[in-house]
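Read the structure below first, then the notes.
Bear in mind that the values in this text are calculations on the coordinates, not laboratory data. For clarity, every value in this text was computed on a predicted model and none was experimentally measured. Reconstructed Cβ throughout: ideal geometry from the backbone, glycine too, with neighbour counts over all protein chains shown.
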Amino acid sequence: MDYLSAIQITEVISTIFYTMLGVALMGLVWKCIDWLTPFPIIKEIEEDQNIALAILIGLLFIAVAIIIAAVLVS
């Protein structure tokens, strides 16, 4: 019960805000990647089964998520 009394409403609100900010930034990164590539990424991954591109995009999202998390924590 001691842990619940230590949680403040401002911490919960700030956590929700920064989560939404991180998700919005990840969406913005996806739109930029999609805009910069000369081919449709979704078609390459889904229809052409380009596993290498799927792994590359996944790793890119992990890297961007780590950067966003580091910025939000600091």
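The table that follows gives values for the structure above.
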read-out	value
Helix-only mean residue ellipticity at 222 nm for the chain, each DSSP H run of n ≥ 4 adding -39500 (n - 2.57), per residue, nearest 500	-27500 deg cm²/dmol
Theoretical FRET efficiency, 1/(1+(r/R0)^6), r = Cβ-Cβ of Lys43 and Ala65, R0 22 Å, to 0.05	0.35
Degrees separating the helix 9-36 axis from the principal Cα axis of the chain, which is the longest one	10 degrees
Inter-site label distance for Leu28 and Gln8 at 7 Å from Cα along Cβ, in nm	2.8 nm
0 to 90° range, to nearest 10: angle between helix 51-73 axis and the chain longest Cα axis	30 degrees
Full-extension gain in nm, Ala54 to Leu21, via 0.36 nm per residue minus C-alpha separation	9.4 nm
The chain - Rg and Dmax from Cα coordinates, angstrom	17.4, 55
Given charges at beta-carbon only (K, R positive; D, E negative), |dipole| of the chain in Debye	200 debye
